[in-house]
Amino acid sequence: MCDPRRSLTFTELNIVLGASERLADGSADIAINWAGGLHHAKKREASGFCYINDIVLGILELLRTYPRVLYIDIDCHHGDGVEEAFYTTDRVMTCSFHKFGEYFPGTGTQEDRGRGKGKGYSVNIPLKDGITDEAFQSVFDPIIAKILEVYRPSAVVLQCGADSLAGDRLGCFNITMEGHAHCVQFLRKYNIPLVLLGGGGYTVKNVVRAWAYETACALGIEKDIDPNLPWNSYFEWFGPRYRLEVLENNMDDLNNKDGLLDKIRITALQQLQELAHAPSVGMHDVPRDSVGHHLGLRSDHYDTHDELDLRLAQHARYVYQLQEPDTPSDTDDDEKSWDSDEEDLGSRNARGYQQPHKRMSIQTGQFYDVPVVPVVPVYDYGNAHGYTCGEYEALLAQTAKRRFFQSAARWDETVEDVIGKRYAPMPVPVGGLMERGGRQYVHEDEMDEDDWDEMGDS
């Protein structure tokens, strides 16, 4: 049985490494992985809910193509793992806006500026509780603008940890959804290749709001989406207003006392002023293999591109808004089919029903209906485990309804193990079991010559 943790690591790293590769080869201008952003993990230890630092590996992949990479962290916690990884190099500049004091991980003062060749290329903005949108922008905008002017990065990685939002269970800031997304909008204006990553965030309903809105900001359509949330199976989570918003609260902003915020901004700008110009990168040997191939995490399966995908990616670079044509429906039933709740969709999908959808033609730019292919589950009774891993996941993705915080696994007292609903072995009749001398079923492909001889003798 595969270790689910290894499978999760494999998938997550392939996503972030794939995003870096797409930016490097020019097939994408902005790449997003909201499941990434694990900025606390170190080279030899896990830390702060982060078991592997996908950010560092993604930046290493970017460095194969780009001479300089800028990493910006707006998580409420200091991005110590990424800073530590590039603390002695000038090819990566790290800038972290975080809560400082008696707060995890307890690092990230303005005196931490790097070492050796990386002296001056680690920038830390330590903040106190309750910082608001206006106060946060008063330090973010001038400092990042100065970094872009001095360092002139070839690519930017932005860690959008959502625990800096107002009302977060672990965070201490008072930033709204618009204030958080302002960082994405600010960087997007510079037209520099950009990677957006997730991170912390422990009030889930606000996390999904922020990252959905920031995805729209990356596409440039944030002003065109409806702030009223559509009906879905988890609609009650987003009460009482049911809107795409994260509002500020009434906590005090401790950053405005004694001119603290002005001192932090002035100190950071003075430190950046000491960097005379962007560091040059001389000619050097670039590793032939990507980071993923070197670590054994990438396979040829992830490197194969369908012709349609390549053409669509090329076309999508020039298209910022794709929406269905405003054609009136003929009947009320048609409207219901596009605006039905996910509860009904889940039950219909379980019966093999797929909702029709539309796709834009690359050649004409018009939308067309994608034909619905019925899903017919096929169970291989000759296989003791039924579905293979890939077949099961593909079928489950097409037919099963998404359910959070629930598991299909259960404890089977017979085999004294945890099994899934569809991974359970087929029951073996007692008579058949006795004929095989008490042995479990063995597939014909797995039988050796001795097994065939025993069957012949019987």
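The values are calculated or read from the model by the stated rules, or taken from the named source; none is laboratory data. These figures come from a predicted structure and were not determined experimentally. Here the Cβ positions follow ideal geometry from the backbone for every residue, glycine too, while neighbour counts run over all protein chains shown.
Here are the numbers for the structure shown:
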| quantity | calculated |
| --- | --- |
| Sole exception among (1) closer than 24 Å to ARG113 by Cα; (2) outside any helix (DSSP H, G or I); (3) at pLDDT 95 or above for LEU247, by number | (1) |
| Search result, residues across segment 154-164 that are in a loop (DSSP other than H, G, I, E, B) and either closer than 17 Å to ILE32 by Cβ or under 17 Å from the mean Cα position of the chain (by Cα) (or both) | CYS160, GLY161 |
| Test: residue in segment 116-133 that is among the acidic types (Asp, Glu) and under 26 Å from the mean Cα position of the chain (by Cα) | yes |
| So LEU170, is it touching a Phe, Trp or Tyr at 6+ places or on another chain (Cβ under 6 Å) and surrounded by fewer than 23 Cβ atoms within 10 Å (Cβ to Cβ) | yes |
| Selection count where residues are surrounded by fewer than 20 Cβ atoms within 10 Å (Cβ to Cβ) and among the aromatic types (Phe, Trp, Tyr), scope segment 25-65 | 2 |
| Pairs with Cβ under 7 Å, 6+ apart, first in segment 58-71 and closer than 10 Å to SER20 by Cα and without any contact (Cβ under 8 Å) to a residue 40 or more places away in the chain, second of a type in the set (Asp, Glu) and crowded, with 24+ Cβ neighbours inside 10 Å | none |
| Options PRO240, PRO227: the member that is over 30 Å from ASP112 (Cβ atoms) and in contact with a strand residue (DSSP E or B) (Cβ under 8 Å, 6 or more places away or on another chain) | PRO227 |
| Segment 123-152, residues that are surrounded by fewer than 22 Cβ atoms within 10 Å (Cβ to Cβ) and outside any helix (DSSP H, G or I) | PRO126, LYS128, ASP129, GLY130, THR132, ARG152 |
| Scan of segment 54-87 for residues that are of a type in the set (Val, Ile, Thr) and under 26 Å from PHE136 (Cβ atoms), ordered by number | ILE55, VAL56, ILE59, VAL69, ILE72, ILE74, VAL82 |
| Among the candidates GLY167, GLY171, GLY120, residue that is farther than 30 Å from GLU222 by Cβ, touching a residue at least 40 places away in the same chain (Cβ under 8 Å) and in a loop (DSSP other than H, G, I, E, B) | GLY120 |
| Residue check, ALA19 surrounded by 20 or more Cβ atoms within 10 Å (Cβ to Cβ), under 21 Å from PRO193 (Cβ atoms) and among the hydrophobic types (A, V, I, L, M, F, W, C) | yes |
| VAL157 out of contact with any Ser or Thr (no Cβ under 8 Å at 6 or more places or on another chain) and free of Cβ contacts under 8 Å to residues at least 60 places away in the same chain | no |
